[in-house]
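Encoded as structure tokens, the structure appears first; notes follow it.
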Amino acid sequence: MNDPVTDVPDRINSLMAFDFGTQRMGVAIGQRLMGTAQALSPIKAKDGIPNWDALDRVIKEWQPQGFVVGLPLNMDGSVSEMSRRASKFARRLEGRFHLPAYMQDERLTSYEAKAQVIEEQGFTNFGDHSVDGMAACLILQSWITEHPLNTVRGDT
């Protein structure tokens with residue numbers, strides 16, 4: 001897995017982000033150049049193992065140049081069982097698709113996503129899983145903010 005402290009090559013613009021979960025994973029696609037992210041349909045999972053066929057299809061459709069996986073640390077910053085599982089998922093993405101995967105601290109992302117859904121859509125019934133995609137968007141937008149595309153320097 002790529003070290004999140006190192007510079008990200010400017011050639012990586014399009015990224016797919018995941019809000020790791022044991023039953024479903026939020027998915028978002030975004031671009032560093034535009035600084036944008038949009039939610040996609042969540043991917044079903046069973047005990048943290050995604051439906052790889054569905055994941056293959058969405059990756060083939062959107063053709064990202066890299067991945068960002070939310071890292072669910074404990075509030076004190078310590079590693080949790082879920083963060084270990086999310087890291088394992090990121091390593092599997094790298095191995096399977098031969099693209100870099102970056103981890104992004106996602107503490108409080110789901111809470112923020114729920115608040116945004118309530119504010120934007122005015123309801124608290126999250127049955128359509130809109131929170132999963134919103135959380136993935138927030139993860140990706142945070143990562144993009146921390147790793148802006150250097151348009152002055154060009155490709156590294």
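Read the figures in this text as sums done on the coordinates, not as results from a lab. Just so it is clear, the model here is predicted, and its values are computed rather than measured.
How far, in nm, would the chain grow between ARG107 and VAL58 when pulled straight, counting 0.36 nm per residue and subtracting the alpha carbon separation?
15.1 nm
Taking 0.36 nm per residue of sequence separation and subtracting the Cα-Cα distance, how much length would be gained by fully extending the chain between LYS46 and MET75, in nm to one decimal?
7.9 nm
Enumerate the amide H contacts of VAL69 below 5 Å, restricted to partners 5 or more residues apart or on another chain; note that Pro and chain-start residues carry no placed amide H.
PHE18, TYR102, MET103, GLN104
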